[in-house]
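What follows is calculated from the coordinates using simple rules that are stated; it is not laboratory data. Nothing here was measured: the structure is a model prediction, and the numbers come from that model. Cβ atoms come from the backbone with ideal geometry, glycine included; neighbour counts cover every protein chain shown.
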Ligand code: ATP
């Protein structure tokens, strides 16, 4: 099945009564594209991904308005496994790999929800081609991998669920520039293989290079949006997120 449009309309999210993290956010991830979300710390980027993946409740947050749809399916209100089953899969912030399990065991954990689908072995092969270092180290404990390798494993584990849309939360955070570039190349390769990507990134230059469209979140609202070319040319984006001009 070809991927469909992920559409967020007028999304409002609160944490308790005092924190309104998103107010009236609308954005789209067109099929087959990489869409980037930029924004300062606290702008609401992670909250947006939590709302889509159904994990907001684990953080005491609630969707208090708006809709999240994937094609003709409503995602808001679904539990996380049901969102994954519909093909929308998040790579959590901070990687969250299982450090005491091996690389292989981590990958298998990512495929559990998709156990009944055929092709799990083929998916694993494809992931190991994408990340040769994971193939080399497949029997090692994941906790022994470098930060960049752990990020690769976290992405690989999410790919085991055969996503149509991959939600990435700051995948290059804390990585050396060369490793960040490699992660960027991998995101491009995953996208070329047909998976749409919603990419949250503090590395705005990398994100705008990878993405077709981008949004800038500021204190819970969309302040700017457009094609990556348009945003790369915007004075405000250049000054605030690209550190030039
Ligand atoms: P960062 O890059 O720092 O992760 P962000 O853009 O991802 O920032 P969020 O983490 O989504 O921003 O946070 C948006 C707002 O919601 C912030 O004001 C934050 O303090 C608040 N917030 C996030 N999680 C919670 C929570 N579990 N309880 C209360 N407030 C929260």
(Q) Rounding to the nearest 10 and keeping the result within 0 to 90°, find how far the Cα-based axis of helix 120-130 lies from the longest principal axis of the chain. (A) 70 degrees
Q: Within 10 Å of each residue's Cβ, count the other Cβ atoms and sort 216, 63 from fewest upward.
A: 63, 216
Q: Return one number: the angle in degrees, 0 to 90 and rounded to the nearest 10, between the long axis of the Cα atoms of helix 147-159 and the longest principal axis of the Cα atoms of the chain.
A: 90 degrees
Q: State the dimensionless ratio Rg/Rh of region 1-127 (Rg: radius of gyration of Cα atoms; Rh: Kirkwood radius).
A: 0.99
Q) Pairing the Cα long axis of helix 177-192 with the longest principal axis of the chain, what angle in degrees results, from 0 to 90 and rounded to the nearest 10? A) 90 degrees
Q: For the chain, calculate the relative contact order in percent as a whole number, restricting contacts to Cα pairs under 8 Å that are 6 or more residues apart.
A: 26 percent
(Q) Cut-off is 10 Å between beta-carbons; in what order do 157, 182, 60, 124 appear when sorted fewest neighbours first? (A) 60, 182, 124, 157
Q | Base-10 log of normalised Debye intensity for region 105-245 (one unit scatterer per alpha-carbon) at q = 0.11, 0.18, 0.19 Å⁻¹ | A | -0.46, -1.03, -1.11
Q | Once the Cα gyration tensor of the chain is diagonalised, semi-axes √(5λ) in Å | A | 28, 21, 17
Q: Between 224, 56, 167, find the one with the highest GNM mean-square fluctuation for the chain; connect C-alpha pairs within less than 10 Å.
A: 224
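Taking N as the number of residues in region 97-162, what is its alpha-carbon radius of gyration divided by 2.2 N^0.38 Å?
The value comes to 0.99.
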Q: Restricting to region 15-171, compute how many DSSP beta bridges are antiparallel as a %, nearest 5.
A: 55 percent
